[in-house]
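J.: If you scroll down you'll find the structure; I have some questions about it.
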Amino acid sequence: MTPAPIILVMGVSGAGKTTIASQLAERLGWAFLDADDLHPPANHAKMARGEPLDDEDRRPWLAAVSNWMQTRQRGGAPAVVACSALKRTYRDRLRRGVEGLAIVFIQAAPQLLAERLARRSGHFMPPSLLASQIEALEPPAPDETVIVVQAGQTPEQIVARVLEWVGDQPSA
């Protein structure tokens with residue numbers, strides 16, 4: 001039996017992960033998870049204070065995101081997840097136990113990200129943490145089953161491109 005597909009939409013804060021992933025999930029009729037919802041309260045509080053998370057802070061969060069994806073896949077339910085997944089080691093952790101994880105990397109110029117974050121209100125992640133996210137970002141390698149899309153496009157254009165790509169994937 002072919003495992004249920006799981007798509008991870010990744011990028012730094014302000015790239016548009018949640019917008020793209022939720023629209024993609026809606027178009028596909030799949031489950032959607034904003035991985036930020038699985039951060040422990042201490043992580044939200046730390047970021048709200050303007051302190052970047054470290055690998056130790058992210059460890060239980062990545063485990064929770066991975067467990068959610070594994071549960072969906074084992075249950076035969078495809079899903080789309082919005083998750084920063086900034087480092088290769090984080091993506092490798094998320095991939096363990098999730099067969100055929102497909103990654104959508106939303107690439108964005110720092111100026112565009114800064115503009116978006118300056119307009120965003122009510123989010124736990126302050127614009128001051130953008131530099132630390134950009135510094136931590138390790139773009140996915142071709143061996144990670146990845147498509148790179150540009151944040152400057154409209155959400156509709158990005159979702160259409162991802163849907164084309166998903167149609168070309170063997171597990172979709």
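J.: Can you check what the net charge comes to around Met47, using other residues whose Cβ is under 12 Å from the Cβ of Met47 (Lys, Arg +1; Asp, Glu -1)?
T.: -1
J.: So who's got an amide H within less than 5 Å of the one on Lys87, skipping anything under 5 residues away but keeping other chains? H placed 1.01 Å off N, in plane.
T.: Glu138
J.: Here is a follow-up. Of the accessible area of the stretch 1-133, with the probe set at 1.4 angstrom, what percent is carbon plus sulfur?
T.: That fraction is 52 percent.
J.: Grab the other residues whose beta carbon is less than 15 angstrom from that of Thr2, score K and R as +1, D and E as -1, and report the net.
T.: Net charge in that neighbourhood comes out at +1.
J.: While we're on this one: Please report, to one decimal in angstroms, the Kirkwood hydrodynamic radius of the chain built from all distinct Cα-Cα pairs.
T.: 16.1
J.: Hey, another quick one. If the chain between Asp54 and Gln107 were fully stretched, how many nm would it gain, using 0.36 nm times the residue separation less the Cα-Cα distance?
T.: 16.9 nm
J.: Further, regarding this structure: Output wanted: per-residue J couplings in Hz (rounded whole) for the stretch 9-24, from phi through Karplus 6.51 cos²θ - 1.76 cosθ + 1.60, θ = phi - 60°, x for Gly and Pro.
T.: So the J values, rounded to whole Hz, are 9, 10, x, 6, 4, x, 6, x, 4, 5, 4, 5, 5, 5, 5, 5.
J.: Still on this structure, I have one more. Residue by residue, what Karplus-based ³J(HN,Hα) values in Hz, rounded to whole numbers, does the stretch 44-56 have, using 6.51, -1.76 and 1.60 with θ = phi - 60° and x for Gly and Pro?
T.: 4, 5, 4, 5, 4, 7, x, 9, x, 6, 10, 4, 5
J.: What's the angle, to the nearest 10 degrees (0 to 90), between helix 110-119's Cα axis and the longest principal axis of the chain?
T.: 80
J.: What is the set of long-range amide H partners of Phe32 at a cut-off below 5 Å, with H atoms built 1.01 Å from backbone N?
T.: Correct list: Val80.
J.: What residue among Ile134, Ile106, Ile20 has the largest mean-square fluctuation in a Gaussian network model of the chain, using Cα springs under 10 Å?
T.: Looking only at Ile134, Ile106, Ile20, the biggest GNM fluctuation is shown by Ile134.
J.: Can you list residues whose amide H is under 5 Å from Val9's amide H, if they're 5+ apart or on another chain and H is modeled 1.01 Å from N?
T.: Under 5 Å from the amide H of Val9: Val81, Ala82, Cys83, Val104.
J.: Per residue, how much accessible area does the chain show when a 1.4 Å probe rolls over the protein heavy atoms, in square angstrom?
T.: Using a 1.4 Å probe on heavy atoms only, each residue of the chain averages 48 Å².
J.: Show me, for the stretch 75-81, the HN-Hα J-couplings you get by feeding each phi into the Karplus relation (A = 6.51, B = -1.76, C = 1.60, θ = phi - 60°), rounded to Hz, glycine and proline as x.
T.: Coupling constants for the stretch 75-81: x, x, 10, x, 8, 10, 10 Hz.
The values are calculated or read from the model by the stated rules, or taken from the named source; none is laboratory data. For clarity, every value in this text was computed on a predicted model and none was experimentally measured. For neighbour counting, all protein chains shown are included, and Cβ atoms are generated from backbone atoms with ideal geometry for every residue, glycine included. With ligands, DNA and RNA removed, areas are computed over all heavy atoms of the protein, side chains included. Shrake-Rupley method; radii C 1.70, N 1.55, O 1.52, S 1.80 Å.
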